[in-house]
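The values are calculated or read from the model by the stated rules, or taken from the named source; none is laboratory data. Worth saying up front: this structure is predicted, and the values here are computed from it rather than measured. Here the Cβ is made from the backbone with ideal geometry for all residues, glycine too, and neighbour counts use every protein chain on show.
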Amino acid sequence: MIAIDINGRSRSVDATPETPLLYVLRDNLKLNGAKYGCGLGQCGACTVLLDGKPVFSCLTPVGSLAGRRVRTIESLGTEASPSPLQRAFIDEQAAQCGYCSAGMVMRAQALLETNPGASDTEIRARMQTNLCRCGTHMRILRAVRRAAAALGSASASPPQAGMRDGAVK
Amino acid sequence: MNAPLLTRRASLVGGVLLVGIGLPGRGAHAAETTDDKPPGSLAQFPLLDSWVRIDAAGITVFTGKAELGQGLRTALTQIAAEELSVPFDAIHLVTADTARTPNEGYTAGSHSMPDSGTAILNAASQVRAILLAIAASSWSLPVDSLTTRDGTVRAPDGRAVRYGDLITDTTLHQNALVRSALKPPADYTIIGHAQPRVDIPAKVTGGPAYIQDMRPNDMVHARILRPPSYGATLIALDDTEIAKMPGVLKIVRDGSFVGVIAKREWQAVQALRAMVAAARWKPGPKLPERARIYDTLLALPSEDTTILDRLDVADAAVSELSARFNRPYIGHGSIGPSCGLALFDGTNLTVWSHAQGMFPLRAAIAGLTGLPPDKVRCIHVEGSGCYGHNGADDAAGDAALMARAFPGQTVRVQWMREQENTWEPYSPAMVTRVRAGLNGAGNIVDWNYDVWSNTHSNRPGGAGALLAGWSLEKPLTLPRPVPIPQPEGGGDRNAIPLYVLPHATVVHHFIPEMPIRVSAERGLGAYMNIFSIESFMDECAAHTGADPVEYRLRHMQDPRARDVITLAAERFGWSKAAPGSGRGFAFARYKNLGAYCAIALQLAPIGDDGQLRVARAVLAVDSGQIINPDGIRNQIEGGFLQSMSWTLFEQVSWNADGITSRDWAGYPMLRFGLLPDQLETHIIDRPGAPFLGTGEASQGPTPAAIANALFDATHLRLRELPLNPPRLRAAGLA
Amino acid sequence: MRLGRLFLAVLILGGASAAAFTALSWHRSDAPVSPPAAGSIPPALATEGARLVALGNCADCHTAPGGRPYAGGVAIQTPYGHLFSTNITPDTATGIGAWSLAAFTRAMRTGISRDGHHLYPAFPYPHYAALSEHEIAAIYAYLMTRKPISAAARDDDLAFPFNIRALVAVWNLLYWPATVPPPEDAGGHIAEGIAHCGACHTPRNQIGAERTESAYAGADVDGWHAPALGAASPAPIPWTEAELALYLSGGVAPHHGVAAGPMQAVTANLAFADPADLHAIAAYIAGIGGPADPVRQARATQTEAILSGTAPPPPRSGGPGAEIYAGACAICHQDGWHTLSQNLTPLALATSLSEASPRNALRVILEGRHPRESEAGPQMPGFANNLTAQQMVDVLAYLRTSIAGRPAWTDLAETVASMRREQEPQ
Ligand code: FES
Ligand code: FES
């Protein structure tokens, strides 16, 4: 049995120390947020926060987590009461299949916690780690910018006009 | 691929139905009803209660199509709610399930709205008419005097009755009429209005949303050992130590098909790794040399069909242009590798899958397991975006075999990333050749086009299409592929230009033999054919010194095509952008039957690293009556970015011994760094017009718009994809 | 970037007399000219220039991350502050558009800018001094065919007295130029000249000049260690010309590893160099110092035996390092002698695990390796956020002894501590 601190709760899991955190989250703890995408640290679908910093849970052995705090997307908000960032993803409809979404949210969450007024360039650079095959990138950027604008100081600049849409009747 | 299928739908009220699946040959204009049949999939399934049921529990709507991340649940719910006059939330939608829903074949080819959307629209409308008629007769009031609102029929005097109280179990068990009294589009309050997607909140909060998130209590985890290359066979595998590994419950072997079942998922992964290390294989046939793949394909025997032979009156040609285009194999690249769950109770096999066609999958799995089809039930559960025929069907087949060997518990098979990238059926490499004669005014008077391609569909239609079948002791083989006929076409999809071309010949060279496993991927041949045609239109325009947009309009009569072309050009500011600044244009109507899409874009200056970047893109689309405008935008933008990624650098790679693009390091895809700065989508609404579908509309024009912009910037015409840095360097552009 | 350490020449210059100093350091300004007219540059000459520019890796130092090619602005870190590379596009105001060929030649050979001021030898003119007139003209021709980009040079940010450019003059007296073989010796001419391999791989003395007596003995660059080349290479299996040529052109050597750190950008540029040139460089570099000594030969034989399965791999220790390896590394690197998921070099052969210092291995673990977005190639995530300092020490110890089978590194804890300070991860 290994004790780990997940979303502020100490959980005791029956797993060998080398087991990647991703499998412990999904299989032992039945959490859906972190996704298996590659298991190789190449896609970011499994991103969670470790002591506030984003990591690939697929390459994080559970035995290495003593004394450290893990946060998954389940800690942010719920369907009924989403967090500001989750709200922004919903408002921007920033998903197609959505398989990448949880990882995107967690990576952006880590950024906004340390840098609430992150610039467009900073957001793009940070999100580079995470893959989206549906081509939802522009909306994801908008969602992160929207949350950044909401979280940032009053003087923070509003979301940039990266996309303009129109319907012609 | 689509041999008619006999299916039994046991749960339909009182009904046994004989159905043939009719995709994709039936045509996306299904919404334009013929006189003797109701429109869309209602033609095959006329019973109203196949689509809509109303009972004490509420309103349930059925579709044989599946949610693939394209927003289908939301759009179909909007349609049903609108025509039934109930709030959006009042509808419970059931998607593809062989035991519950109509057999609508595959969720593919941008057919869901024309087929299922149209069926639900009409069925719902007719159900509402029935409800009104019943209420009218019970109240002895004229139908015209009644209204429907919020799930009730109301009389002018204030009386109201709930739908559920008006009908019995069998009321809706009647055939649809050929025509429906549809609401006038002007009265729409739900269709055509932005509707937040129903599935997104769970997806961004860690709710269960995918097949990968299913966890029945009795579930065990399986992994499959795959050969190192096509056709390799297992010589030896000493699994005695592996069987003793912690958590291992069973090792299943049938010829070269080997799978392991373990209690915990990580234990299954470790057992698989041990099997990979221990297995010894006899290699399969060598793969053809990658550098010569196009010549290899051209040298294979082909079945040639002239799909267009037009000889109208035309001027004599005074000049002639010709060109050849090549495109590589491209992967689907789903972010979540394929997954399948199956439970065998000794008699019945239930399979949960994210494949695109539950009914064809059921037939394939019946063949693979030897079970009668009526003992197999396939239920669709959403996976990550698939964009066509990826490994989903195969994973379902794997799960079925493992479950049959391990009865009584649900077996979950999850493919590893390298298995998905190595074994999924890719979108085939293709070659096209085009020759045009121009008259004195520079207009095209003669057009000759040839397209060479493997099949674009090896979907299950039989067990031989499932990967597991190839490795069995008594191996199954892939049925000989046949071309998808026009008007939709496969490799020849969109091979016929929509332009006015008085003399035109188009020949499809269908190559049955496949050196690399291929099947359907978003747009099928449209990606390559539109790339070729729209690049070549630009070449002809440049040859004549004409403006590319004006040149297209000269050759285009279809008014809706002209509208999207004009709209994209206007919103981009085409007439103000300087020629030579790296601007490019392209247009297509998907399948010549579906949505219209035009793209104008601007490239960023090309750096010495040879990396192309799109700075700004403006897309215009007409997909008929809009259901959910934001849903259309999401699909169009996503299709553009995905196609841009294909175009800028994607290609499957291999050596003689097997596929080498085994993961995202070997098969890079678009990330955030190469995004355009701006992406705009403009939609033309066509109230009351048939739904044309949207999912694949931007795939084809994208590569041509990029290549045309590259030509505009550099006067160099690149005709082989991808347009990646090494190719630009080789062309002297960096 | 390249040549991170600034020469300490200034330290000894304190005693130089002001008069002598002024005489030495004064150079005339070359009159500005108009850039050559488009079309006046022979394409063949520009093409040859492109070849040399690729070999010289010019783009790397003169292109800021995300910036326009050759527009400069790359910060070069030194112990005394930052230098910024200059704009070498043909922009008249901010680039070299106003430079005559003569002015350009003077800069390439002597490190004197058009306006007469001294360039710091972070610009490797000591290597370029032996380029032929024709070669310099070709490079000039190529650069003049680039798109002019207006990008003013950023002011260097060096502490006094290092900010006195004139002091470079004295340095030049002592240490310029390098010895470059004639063009007939193609490999040597390229490697010592335009490609300036020694600028990174040769250790420098206290005033920052290459120690020719220890040529290619390996040196520290930008917090990485450019390993020793030729006979002194720490790689378990000696380099061959063929494998080195492959490595230079693609960044991957099946028996040595994957280019990382500053060398990743070098190999990315060399991918577009003429293969014949790369073979020439490879032949020259692989031959430095003659054949490997018997100790290395024996090690190579042993390594090959393990690879082919005829000898057992080194014994494995257990403990926290082994657990981290199993859960974080083995997924791609397997047992270190085989690979599963990528066409990778077996980890046990990676040069970084056989070097005297754990620095390179640690940096790769912290930062990972990231090909360009559109480029297929070995990719590895950084583990800076995953692992604590102690866990880094544990896993490095395991990699060194149990995977590579080498004697333990003794300075692991200090190296990890100091590098984590330098690299406050995101
Ligand atoms: S699953 Fe962890 S990075 Fe892809
Ligand atoms: S929304 Fe499907 S992968 Fe991002």
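Are there any pairs with C-beta distances below 6 angstrom linking a residue in region A:54-66 that is in contact (Cβ under 8 Å) with a residue 12 or more places away in the chain to a residue that is within 16 Å of ligand 2 (Cβ to nearest atom) and part of a helix (DSSP H, G or I), with the two at least 6 apart or on different chains, and if so which?
A:Pro54/A:Arg107
Applying the selection to region B:576-625, what residues are at pLDDT 95 or above and among the β-branched types (Val, Ile, Thr)?
Within region B:576-625, B:Ile599, B:Val614, B:Val618, B:Val621 meet the criteria.
Scan region B:576-626 for residues that are assigned to a loop (DSSP other than H, G, I, E, B) and within 23 Å of the chain's Cα centre (by Cα) and jot them down.
Residues satisfying the conditions are B:Leu593, B:Gly594, B:Ala595, B:Ser623, B:Gly624, B:Gln625, B:Ile626.
From the set of residues in region C:59-85 that are under 30 Å from C:Pro275 (Cα atoms) and in contact with a Leu (Cβ under 8 Å, 6 or more places away or on another chain), which is surrounded by the fewest Cβ atoms within 10 Å (Cβ to Cβ)?
So, considering only residues that are under 30 Å from C:Pro275 (Cα atoms) and in contact with a Leu (Cβ under 8 Å, 6 or more places away or on another chain), the one surrounded by the fewest Cβ atoms within 10 Å (Cβ to Cβ) is C:Ile76.
As an exercise: evaluate B:Gln356 against (1) surrounded by 24 or more Cβ atoms within 10 Å (Cβ to Cβ); (2) assigned to a helix (DSSP H, G or I); (3) not charged (D, E, K, R) and give the number of the one condition it does not meet.
Every condition holds for B:Gln356 apart from (2).
Pull up region A:23-38, narrow it to residues that are of a type outside the set (A, V, I, L, M), away from ligand 2 (no atom under 16 Å from the Cβ) and touching a strand residue (DSSP E or B) at 6+ places or on another chain (Cβ under 8 Å), then point me to the one that is farthest from the other protein chains (Cβ to nearest Cβ).
Taking the candidates together, the pick is A:Asn28.
Given the options A:Gly103, A:Gly98, A:Gly67, name the one that is within 12 Å of chain B (Cβ to nearest Cβ) and out of contact with any Leu (no Cβ under 9 Å at 6 or more places or on another chain).
Answer to the selection: A:Gly98.
Give the residue that is nearest to the other protein chains (Cβ to nearest Cβ), with candidates limited to residues of region B:629-655 that are outside any helix (DSSP H, G or I) and in contact with a Ser or Thr (Cβ under 6 Å, 6 or more places away or on another chain).
Only one residue fits best here, namely B:Ser653.
Does A:Leu31 meet the test of being within 24 Å of B:Cys386 (Cα to Cα) and more than 14 Å from ligand 1 (Cβ to nearest atom)?
yes
Filtering region B:656-673 down to residues that are at the interface with another protein chain (Cβ under 9 Å from one of its Cβ atoms) and over 25 Å from the mean Cα position of the chain (by Cα), which residue is farthest from A:Ile123 (Cα to Cα)?
B:Thr660
When B:Arg686 is evaluated against the numbered criteria (1) surrounded by fewer than 24 Cβ atoms within 10 Å (Cβ to Cβ); (2) facing another protein chain (nearest Cβ under 7 Å); (3) under 30 Å from B:Ser41 (Cβ atoms), which criterion, by number, is the only one it fails?
Of (1) surrounded by fewer than 24 Cβ atoms within 10 Å (Cβ to Cβ); (2) facing another protein chain (nearest Cβ under 7 Å); (3) under 30 Å from B:Ser41 (Cβ atoms), only one is false for B:Arg686: (2).
Tell me, yes or no, whether region A:108-115 has at least one residue that is assigned to a loop (DSSP other than H, G, I, E, B), more than 12 Å from the chain's Cα centre (by Cα) and within 15 Å of ligand 1 (Cβ to nearest atom).
Taking every residue of region A:108-115 in turn, none turns out to be assigned to a loop (DSSP other than H, G, I, E, B), more than 12 Å from the chain's Cα centre (by Cα) and within 15 Å of ligand 1 (Cβ to nearest atom).
Return the pair list, or none, for Cβ contacts closer than 7 Å from residues in region C:390-417 that are over 12 Å from C:Ala361 (Cα atoms) and modelled with pLDDT of 95 or more to residues that are charged (D, E, K, R) and surrounded by fewer than 19 Cβ atoms within 10 Å (Cβ to Cβ), at least 6 apart or on different chains.
C:Ser402/C:Arg316
Among the residues of region B:235-257, count how many are without any contact (Cβ under 8 Å) to a residue 60 or more places away in the chain and outside any helix (DSSP H, G or I).
12
Here is a check on your reading of the model: is A:Asp14 touching a Lys or Arg at 6+ places or on another chain (Cβ under 6 Å), more than 16 Å from ligand 2 (Cβ to nearest atom), away from chain C (no Cβ under 14 Å) and charged (D, E, K, R)?
No; evaluated as a whole, the condition is false for this residue.
B:Asp213 - would you say it is farther than 21 Å from B:Arg662 by Cβ, away from chain A (no Cβ under 11 Å) and not polar (S, T, N, Q)?
In short, no.
Could we say that B:Gly383 is touching a residue at least 40 places away in the same chain (Cβ under 8 Å), among the small types (Gly, Ala, Ser) and within 14 Å of chain A (Cβ to nearest Cβ) here?
Answer is yes for this residue.
Could you please give the count of residues in region A:116-133 that are outside any loop (DSSP other than H, G, I, E, B), away from ligand 1 (no atom under 16 Å from the Cβ) and either surrounded by 24 or more Cβ atoms within 10 Å (Cβ to Cβ) or not hydroxyl-bearing (Ser, Thr, Tyr) (or both)?
5
In this structure, is A:Cys58 touching a strand residue (DSSP E or B) at 6+ places or on another chain (Cβ under 6 Å), within 16 Å of ligand 1 (Cβ to nearest atom) and not hydroxyl-bearing (Ser, Thr, Tyr)?
So A:Cys58 passes the test.
Consider A:Gly98 carefully, then state whether it is within 16 Å of ligand 2 (Cβ to nearest atom), surrounded by 20 or more Cβ atoms within 10 Å (Cβ to Cβ) and touching a residue at least 40 places away in the same chain (Cβ under 8 Å).
For A:Gly98, the condition - within 16 Å of ligand 2 (Cβ to nearest atom), surrounded by 20 or more Cβ atoms within 10 Å (Cβ to Cβ) and touching a residue at least 40 places away in the same chain (Cβ under 8 Å) - is not met.
Just checking, how many residues over region B:320-339 are out of contact with any Gly (no Cβ under 7 Å at 6 or more places or on another chain) and more than 14 Å from chain A (Cβ to nearest Cβ)?
9
Search region A:70-95 for residues being among the hydroxyl-bearing types (Ser, Thr, Tyr), more than 8 Å from chain B (Cβ to nearest Cβ) and over 22 Å from A:Cys43 (Cα atoms), and hand back the single one that is nearest to the chain's Cα centre (by Cα).
It comes out as A:Ser83.
Hey, could you check region A:134-153 for residues that are more than 8 Å from every other protein chain (Cβ to nearest Cβ) and among the small types (Gly, Ala, Ser) and say which is surrounded by the most Cβ atoms within 10 Å (Cβ to Cβ)?
A:Ala143
Within region A:121-143, track down each residue that is more than 14 Å from ligand 2 (Cβ to nearest atom) and out of contact with any Asp or Glu (no Cβ under 9 Å at 6 or more places or on another chain).
The answer is A:Thr121, A:Glu122, A:Ile123, A:Arg124, A:Ala125, A:Arg126.
Can you confirm whether region A:50-61 contains a residue that is surrounded by fewer than 21 Cβ atoms within 10 Å (Cβ to Cβ), at pLDDT 95 or above and more than 14 Å from chain C (Cβ to nearest Cβ)?
No, region A:50-61 contains no residue that is surrounded by fewer than 21 Cβ atoms within 10 Å (Cβ to Cβ), at pLDDT 95 or above and more than 14 Å from chain C (Cβ to nearest Cβ).
Please pick out the residue among B:Leu710, B:Leu733 that is in contact (Cβ under 8 Å) with a residue 24 or more places away in the chain, more than 11 Å from every other protein chain (Cβ to nearest Cβ), surrounded by fewer than 24 Cβ atoms within 10 Å (Cβ to Cβ) and not in a loop (DSSP other than H, G, I, E, B).
After ruling out the rest, the residue left standing is B:Leu710.
Considering every residue within region C:413-420, establish whether at least one is out of contact with any Cys (no Cβ under 6 Å at 6 or more places or on another chain) and within 14 Å of chain A (Cβ to nearest Cβ).
Yes, because at least one residue in region C:413-420 is out of contact with any Cys (no Cβ under 6 Å at 6 or more places or on another chain) and within 14 Å of chain A (Cβ to nearest Cβ).
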